[in-house]
Structure formats: C-alpha cells, structure tokens
Amino acid sequence: MTTLEQDVERMLRWYPRRWRQQHGDALIGLHMDRAEEAGDAAKLSPEDQAAMRAAGLFERTRHTLPIITAALGTAAIVVGYILALGGNNAIGNPLWLFAGPLLLSLSLWSLRASHDGRWSVQTVVPALASAFAALALLTTMNIAILRDGTGIIPSVGSLWAVGALSAAFIGIAVAVAAAPSFQRGGMSKDWALTVGFAAGFVGAIPLYLGLLAGIVAATAGGVLLWLTIRSARQGSGTTLFGAEQRELA
Amino acid sequence: MSVTDLQFAVLSSLAAGRRHGYGLLRDAEEQLEKSLPVATAYAALEVMVSKGWITPDGEEVVQSRTRRYYVLSPTGAQTLEARADQLESQARLAHERLRNATGKAATA
C-alpha cells in the first residue's frame, strides 16, 4: 500500500462507517488516478485533506444534526413554557422564547442542507438571517412582556408597537437573504429587496400568533422532529438501495 | 431547480456517454478552468445520484483501483437541457445589451 493510499484511508475515518463501506474504495481510486496523472503519488495535499474533513463531518452530522436540534428545541419550548407557567420566568422565558426557536431554526436549515447534500451560501445565509430575525422578534416580545408584567402572554397594547418594529427587522433580514435569489430569477434589485421585505414583514404575523402559545410552538417542534426522523430514514434507505443496485451491477 | 456550475459541468460531460468518476472530475475541471478537491467532486456526484440526475452504472477494478461509472438519467438530461436553455437566453440578452451599448456610444 502506498503512502497516498494510507493517507486517504486515514482521512476516511472522518466519514461514518457505513459511508466508508459504500464509497471508500471509489474515493481511494479517484485519489490514486489523480496522483498518477499529476505524477505525484507522495502524499495527500492539504486542500484534499481539508475537503475530506469537511465532507466527512457533513456526512457524520447529516441526519443526526436536524433530529438532535429539533428534539432539543422542542424540549426547550415545552420545559420553558411549563416553567414560565409555574412562575419561573427567569429560566422559563429564555428557554421557550430564545433557545427553542433558535434550535428549531437550526434544525430546519440543517434539514435543508441534508436534502441538498451540502451546506451552501443558499442554506447558511437564510439560516443566519432567520436566527437573527427570531432573536430580534423574541427580544422585542420579551421586553414587552417584562415591561407590562403580563406573564407569558404580552398585552395587545404592547404588541402593535414592538410587533411592527420586530416585523421590520424580519423584513430586512428576509430582504437581504432572499434578494440575490430573486435577482437570479430575473427580478430587478429594487423589486427583489421590496418583495423580500414585504414577505418578511407579512410572514412575521403567523410567527407572532404561533409564539403567543407555547403549545403551538411545541407542536411545530414535534412536527419538525417527525420530519427530520422521516428524512433520515429515507436518506439511509436510498443509500442502502443504491448499494444493492451497484452490487447487482 | 438550481444547478451549480459543477453539476452543470458533470451533466454536460455525461451527455456524451458513460464515464467513470475521475473522467468526470477531469472534464469538469477543464470546463470550469479550476482545480477541484477530489472529496468535493465525489460529494457532488453523490448529491446528483440522490437527486436522480445521474445513475451509478457498475464498477471496474483497474490496477487494483476501483473505478465507479455513471450515466445520465432522463431527469438529468431534462435538467441539463433546461439549464442550458436558460444560460443561452441569458448570454443572448447580454450580447444584445452590449451591442446596443456599443451602438449608442458610437452615435453619441
């Protein structure tokens, strides 16, 4: 076995075992073909090592990250809501208003990355934008709750002002995240930003309604958890089926 | 449906017929005029398999190296055609605008 083969086999440990069994030989073959053509069979380049580390880590977390974050997010919402109802606002509110939605946001976008087979600008930018939008919305909501001392449900009097402000934050975040995609679709920059802002602003309304009730938020988390588990099962099934096809071939 | 440059290059390469992974990588690098890490290219091939655009078509062991072959699926051919049409119309529009801008500059 050459040094290059040993290098590739060592780096393959970054991937999950099942992936190594199905694709390891093909990936080693690709590296050997490249080394032969380049006339340099000495060692794996730093770029190739970095690419294998990144791809291996992605494969390892591909199905587990959406499930774990959905489960933790749902648990944070349920536990936080129960604590807040019991009067423990200091721990309860940050849990169900901050940690829960952020974890669900991460789960949603990691589910998208899992389907796409990679984290890309189109996945990372909306993920960050939605996390910041959720933070902006929930911070203003929490300030309203604390100011009015209304417990876990803010008064309608507070909502119109802080609601409009936080919806504007969401509008800006969505406009920045979605405008490049709209532009690629042929829309002018001005229209792309306007439509993005309007979509974020109006889209905040159901988010408000959902966040007013912990039960609705917990249900949304439960649905997301079910989706991530189903996706993981389908993903594993496809891979196994693919392996069977190759063996038959 | 979004198609990355690398995916487009692979689909285009497979439109010419069945190829193995390294052949696809080399052809994609030539089309894109840049070097690609092997693991990145392999991950892109797996994504395209999961999307149903390309299909693994057997393996060969050459000099104790495993070579996996791929073919273009009907869905992949449609995707390639649609993206090629889109790029063609974008390029035509860009040329028209450049010609118009040159014409305006000449008359000014």
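Within the stretch B:28-47, whose backbone N sits under 16 Å from a point 7 Å along Cα→Cβ of A:Arg53?
Backbone N within reach: B:37-40.
Working only with C-alpha atoms, what are the Rg and Dmax values of chain B, expressed in angstrom?
That works out to 17.9, 68 Å for Rg and Dmax.
Among B:82-91, A:7-16, what's the highest-first ranking by average C-beta atoms within 10 angstrom per residue? List each step's numbers first, then the result.
Numbers: B:82-91: 12.1, A:7-16: 17.8.
Going from most to least packed, we get A:7-16, B:82-91.
Just counting partner chain Cβ atoms within 10 Å, what average do the residues of peptide A:51-62 show around their Cβ?
On the way: counts 8, 6, 1, 4, 8, 2, 0, 1, 2, 0, 0, 0.
Mean number of neighbouring Cβ atoms from other chains: 3.
5 Å is the cut-off here: which amide hydrogens, built 1.01 Å from N in the peptide plane, fall below it relative to B:Val71, excluding neighbours closer than 5 in sequence?
B:Thr55, B:Asp57
Hey, with R₀ at 51 Å, roughly what FRET efficiency would A:His115 and B:Leu98 work out to, going by the Cβ-Cβ distance, to 0.05? Write out the running numbers ahead of the final one.
Working: r = 38 Å, r/R0 = 0.75.
Computed FRET efficiency for A:His115 and B:Leu98: 0.85.
For B:Lys104, A:Lys43, B:Lys51, what ranking results if the residue with the fewest other Cβ atoms within 10 Å of its Cβ goes first? It would help to have the intermediate numbers written out before the result.
On the way: B:Lys104 9, A:Lys43 14, B:Lys51 18.
So the residues, fewest neighbours to most, are B:Lys104, A:Lys43, B:Lys51.
Would you tally the net charge around B:Arg26, using a Cβ to Cβ cut-off of less than 13 Å, leaving B:Arg26 out, and scoring K and R as +1, D and E as -1? Working shown, then result.
Working: positive: A:Arg34, B:Arg19, B:Lys34, B:Arg67; negative: A:Asp33, A:Glu36, A:Glu37, B:Asp27, B:Glu29, B:Glu30, B:Glu33.
For residues surrounding B:Arg26, the net value is -3.
Provide the FRET efficiency to the nearest 0.05 for the A:Glu37-A:Gln234 pair, computing r from the beta carbons and using R0 = 45 Å.
Numbers: r = 37 Å, r/R0 = 0.83.
The computed FRET efficiency comes out at 0.75.
When the chain is fully extended, how far beyond the present Cα-Cα distance does B:Ser50 get from B:Gln90, taking 0.36 nm per residue of separation? Walk me through the intermediate numbers first.
Details: separation 40, 0.36 × 40 = 14.40 nm, distance 2.85 nm.
Extending this stretch completely gives an extra 11.5 nm.
Please compute the average number of Cβ atoms from other chains found within 10 Å of each residue's Cβ in peptide B:31-44. Intermediate results must be reported in sequence, preceding the final value.
Values: counts 0, 0, 0, 0, 4, 4, 11, 17, 19, 8, 3, 8, 11, 3.
So the per-residue partner count for this stretch is 6.
In nm, to one decimal, how far is the B:Val61 label point from the A:Arg60 one, both placed 7 Å along Cα→Cβ?
Result for the modelled spin labels: 3.0 nm.
Read the figures in this text as sums done on the coordinates, not as results from a lab. Source: prediction; values computed, not measured. When we count neighbours, we look across all protein chains shown, and the Cβ atoms used for this are built from the backbone with ideal geometry, even at glycine.
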